[in-house]
1. So Thr130 passes all but one of these: (1) among the β-branched types (Val, Ile, Thr); (2) touching a Gly at 6+ places or on another chain (Cβ under 7 Å); (3) within 25 Å of Met112 (Cβ to Cβ). Which condition number does it fail?
2. Restricting attention to region 176-200, report how many residues are outside any loop (DSSP other than H, G, I, E, B) and within 16 Å of the ligand (Cβ to nearest atom).
3. Could you check, for region 4-20, whether at least one of its residues is without any contact (Cβ under 8 Å) to a residue 24 or more places away in the chain, assigned by TED's automatic domain parsing to the domain that holds Ser78, closer than 21 Å to Met143 by Cβ and of a type in the set (Gly, Ala, Ser)?
4. What are the pairs, 6+ residues apart or on separate chains, where a residue within region 88-105 that is at pLDDT 95 or above has its Cβ under 7 Å from a residue that is of a type in the set (Val, Ile, Thr) and surrounded by fewer than 17 Cβ atoms within 10 Å (Cβ to Cβ)?
5. Would you say Val161 is of a type outside the set (D, E, K, R), surrounded by 14 or more Cβ atoms within 10 Å (Cβ to Cβ), within 16 Å of the ligand (Cβ to nearest atom) and under 29 Å from Thr13 (Cα atoms)?
6. If you check Leu173 against the conditions, is it at pLDDT 95 or above and surrounded by 19 or more Cβ atoms within 10 Å (Cβ to Cβ)?
7. From (1) assigned to a helix (DSSP H, G or I); (2) within 14 Å of the ligand (Cβ to nearest atom); (3) surrounded by fewer than 18 Cβ atoms within 10 Å (Cβ to Cβ), pick out the condition that doesn't hold for Phe238.
8. Condition first: without any contact (Cβ under 8 Å) to a residue 40 or more places away in the chain, farther than 20 Å from Gly144 by Cβ and within 18 Å of the chain's Cα centre (by Cα). Can you find one or more residues in region 200-223 that meet it?
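The values are calculated or read from the model by the stated rules, or taken from the named source; none is laboratory data. This one's a predicted model, so the numbers in the text were calculated from it and none came from an experiment. Note: ideal-geometry Cβ built from the backbone for every residue, glycine included; neighbour counts use all protein chains shown. With ligands, DNA and RNA removed, areas are computed over all heavy atoms of the protein, side chains included. Shrake-Rupley method; radii C 1.70, N 1.55, O 1.52, S 1.80 Å.
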Amino acid sequence: MSSAQKLYKKITTNSLYEMKQLGESIAMLTAYDFSLARLVDKSGIDVILVGDSASNVMAGHETTLPITLDHMIYHASSVVKAVKRALVVVDLPFGSYQGNPKEALSSSIRIMKESGGHAVKLEGGNEIATTIERIVGSGIPVMGHLGLTPQSIYKFGTYAVRAKEEEEAEKLLADAKSLENAGCFAIVLEKIPAGLAKKVSESIQIPTIGIGAGPHTNGQVLVLHDMLGMNTEFNPRFLRRYLNLEKLIPEAIESYIDDVKSQDFPNKEESY
Ligand code: KIV
């Protein structure tokens, strides 16, 4: 058990800020449903992200763009019911906040009221700083997201590493400071060079949480289904797999089919 697991009975945005000061890495994973969120929370994770990656992982879409606010609220409310300790952060989906700060605030309020989530996450830099101020000003904690922001995939044209060139790296650093000033409590840094992630993490007071951003961020996040090995065709360099469910689940299902076909299941003890 880590010192944070001993220290914090319930994780808040303040706990994450304290963890950065104490040099304790923040562990974050995604979850989208009650059953897995229950196991993730029981294992002692600090933050559960109800990510719009649900669009890929749960619904089979190619991008995160199609998922709606209603879908996100459905996933988040299932997760919240299972969670006792972790901070639950919910992604604002594409199209629910880019229009104007008022629209972003009403989407955030719907998430907080209808799902019971503890915070929202938005993708973007300085261009959404006013929006973030508006949401934070109404009492809703906001997590930022810089670097590879999948909701902008058609602008980028590729899922390659971002901010390798100096100009984009400087903009990202300025964006991180702008998000901090706007009131974000943490920032996800996705797929950027490790050196840049280190510089950003050292330049701001709020914690950074990396995915494909190297070891110097103040925490790490992975998509749960990726780290459990549900789809071994998805193979980014940053992904460490802790299980091979793509092998284990079909093996279990094949055994069940064999047992049914051979009429071994159910046996006497399994019958009333
Ligand atoms: O939606 C998501 O899962 C995310 C993580 C990759 C950070 O935003």
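1. Tallying (1) among the β-branched types (Val, Ile, Thr); (2) touching a Gly at 6+ places or on another chain (Cβ under 7 Å); (3) within 25 Å of Met112 (Cβ to Cβ), Thr130 fails exactly one: (2).
2. Taking region 176-200 and keeping what is outside any loop (DSSP other than H, G, I, E, B), we get 176-182, 186-190, 194-200.
Still in the running and within 16 Å of the ligand (Cβ to nearest atom): 176, 179, 186-190, 197, 200.
So the count comes out to 9.
3. The answer is no, given that none of the residues of region 4-20 is without any contact (Cβ under 8 Å) to a residue 24 or more places away in the chain, assigned by TED's automatic domain parsing to the domain that holds Ser78, closer than 21 Å to Met143 by Cβ and of a type in the set (Gly, Ala, Ser).
4. Final answer for the pair search is Pro93/Thr68; Pro101/Thr130.
5. Working: of a type outside the set (D, E, K, R): yes; surrounded by 14 or more Cβ atoms within 10 Å (Cβ to Cβ): yes; within 16 Å of the ligand (Cβ to nearest atom): yes; under 29 Å from Thr13 (Cα atoms): yes.
Against the criterion (of a type outside the set (D, E, K, R), surrounded by 14 or more Cβ atoms within 10 Å (Cβ to Cβ), within 16 Å of the ligand (Cβ to nearest atom) and under 29 Å from Thr13 (Cα atoms)), Val161 qualifies.
6. Numbers: at pLDDT 95 or above: yes; surrounded by 19 or more Cβ atoms within 10 Å (Cβ to Cβ): no.
Here the answer is no, as Leu173 does not meet what is asked.
7. That leaves (1) as the condition not met.
8. Within region 200-223, one or more residues are without any contact (Cβ under 8 Å) to a residue 40 or more places away in the chain, farther than 20 Å from Gly144 by Cβ and within 18 Å of the chain's Cα centre (by Cα).
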